[in-house]
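The values are calculated or read from the model by the stated rules, or taken from the named source; none is laboratory data. Please read these numbers as outputs of a predicted model, since none were measured by experiment. So basically every Cβ, Gly included, is an ideal-geometry build from the backbone, and we count neighbours across all protein chains shown. The protein model used for the area step is the full one, side chains on, heavy atoms only, and it has no ligands, DNA or RNA in it. Shrake-Rupley method; radii C 1.70, N 1.55, O 1.52, S 1.80 Å.
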Amino acid sequence: MNILIFGPNGSGKGTQGSLAKQKYDLDHIESGAIFRKHIGGGTELGLKAKEYIDKGELVPDDITIPMVLDVLQSSSSNGWLLDGFPRSIVQAEKLWEALQKDGVKLDFVIEILLPREVAKARIMGRRLCANDPNHPNNVGIPAIAPDGDKCRVCGGELSARADDQDEDAINKRHDIYYDDKTGTIAAAYFYKDLADKAGFKYIELDGEGTIDEIKETLLSQLA
Ligand code: ADP
């Protein structure tokens, strides 16, 4: 089982992706995590990639594409959930070429739809509980709004992560994601157009629902 997942930062992509990953026992291949591993290990690739990542830019294709394709080719027999790649139309085309060439079947493509302003409000609204980072609190999402200025689960102190409040950085990432000519949305549409012809299922999820609602829709479609 091989799955691609698309969704803007702030859409709950990580949560829904892990659901699909668990259901089919897939390798989670996350481009950002592969880069972080290289950076942590001080590899040559990591040093090159870091320059771009620190500026909030995409790492160039001549580094990113071979790196991701290489990890895909060495993944286990159960298949993979690919997350964070492709992020551009060029990457989308190169991935498709590689899958065709290697005779690898794509089964599902998941897209979580969320308007840009909502995604931004969700990121900026995230609050971290001092007692448990898993306690959900978000001033931008009514279903999990904090209790006054305290954690809605345990009453603990709340704080905001500094990078969640960096509006320029959020805008830069969203500029890439929501670019429907050459960016990530364009990459998603590339697969949407191919779905029927190529025989995989394209699943669109309304990212404005609650986590549980989205989960339920996703599970009913991943059959
Ligand atoms: P974020 O969602 O915060 O951008 P990721 O962990 O997905 O975080 O990626 C971290 C960084 O790694 C990105 O900002 C980008 O610089 C780089 N990166 C990840 N995936 C790709 C990709 N497909 N193409 C180019 N650069 C990428």
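Would you count, across the stretch 76-200, every pair of lysines whose alpha carbons are under 21 angstrom apart, provided the pair is eight or more residues apart or spans two chains?
So the count of such lysine pairs works out to 12.
Let me spell out the model: positive unit charges on the Cβ of Lys and Arg, negative unit charges on the Cβ of Asp and Glu, origin at the Cα centre of the chain. What dipole size does that give, in debye rounded to 20?
220
By how many degrees, between 0 and 90 and to the nearest 10, does the Cα long axis of helix 44-54 differ from the longest principal axis of the chain?
Helix 44-54 and the main axis of the chain meet at about 50 degrees.
Explain nothing, just the number: relative contact order of the stretch 108-177, from Cα pairs under 8 Å at least 6 residues apart, as a whole percent.
Computed over the stretch 108-177, the figure is 27 percent.
So how far apart, in nm, are the two label points at Asp70 and Ala169 if each is 7 Å from Cα heading toward Cβ?
It is 2.7 nm.
Once the cut-off is 15 Å, how many percent of the Cα-Cα pairs in the stretch 1-68 end up in the long-distance tail?
59
Name the lysines eligible as straight-distance cross-link partners of Lys23: C-alpha to C-alpha under 17 Å, and not fewer than 8 places from it in the same chain.
Those lysines meeting the cut-off are Lys13, Lys201, Lys215.
Could you work out how much longer the chain between Asn78 and Ser220 gets when fully extended? Use 0.36 nm per residue separation minus the Cα distance between them, nm to one decimal.
Full extension from Asn78 to Ser220 adds 49.1 nm.
Measuring with a 1.4 Å probe in the full set of protein chains, what accessible area per residue, in whole Å², belongs to the chain?
52
Give me P(r) over the chain, computed from all C-alpha to C-alpha distances, binned every 5 Å, as integer percentages.
Spelled out bin by bin, the chain gives 1, 6, 13, 17, 19, 17, 13, 8, 4, 1, 0, 0 percent.
Whole-Hz ³J(HN,Hα) for each residue in the stretch 171-186, computed from phi via Karplus 6.51 cos²θ - 1.76 cosθ + 1.60 with θ = phi - 60°, x for glycine and proline: what do you get?
Karplus values, whole Hz, x for Gly and Pro: 4, 5, 5, 6, 4, 5, 4, 7, 6, 8, 9, 10, x, 5, 4, 5.
Which whole-number percent gives the relative contact order of the chain, counting Cα pairs below 8 Å spaced six or more residues apart?
Once divided by the residue count of the chain, the mean separation gives 27 percent.
Answer with one residue from Gly207, Ser220, Ile89: the one whose Cα lies farthest towards the positive end of the charge dipole of the chain, charges on Cβ with Lys, Arg +1 and Asp, Glu -1.
Farthest along the dipole direction, towards plus: Ser220.
Can you list, by residue number, the Cys in the chain that have no neighbouring cysteine C-beta under 4.7 Å?
For the chain, the answer is Cys154, because their Cβ atoms have no other cysteine Cβ under 4.7 Å.
Using a/c under 1.5 as the rounded threshold, could you call the stretch 174-223 rounded, prolate or oblate? The axes a ≥ b ≥ c are square roots of the C-alpha gyration tensor eigenvalues, and prolate needs a/b larger than b/c, oblate otherwise.
It is oblate, given that a/c is not under 1.5 and a/b is not larger than b/c.
Can you pull the percent of the chain's accessible area that's carbon plus sulfur, 1.4 Å probe, other chains left in place?
Summing carbon and sulfur atoms, their accessible area is 49 percent of the total for the chain.
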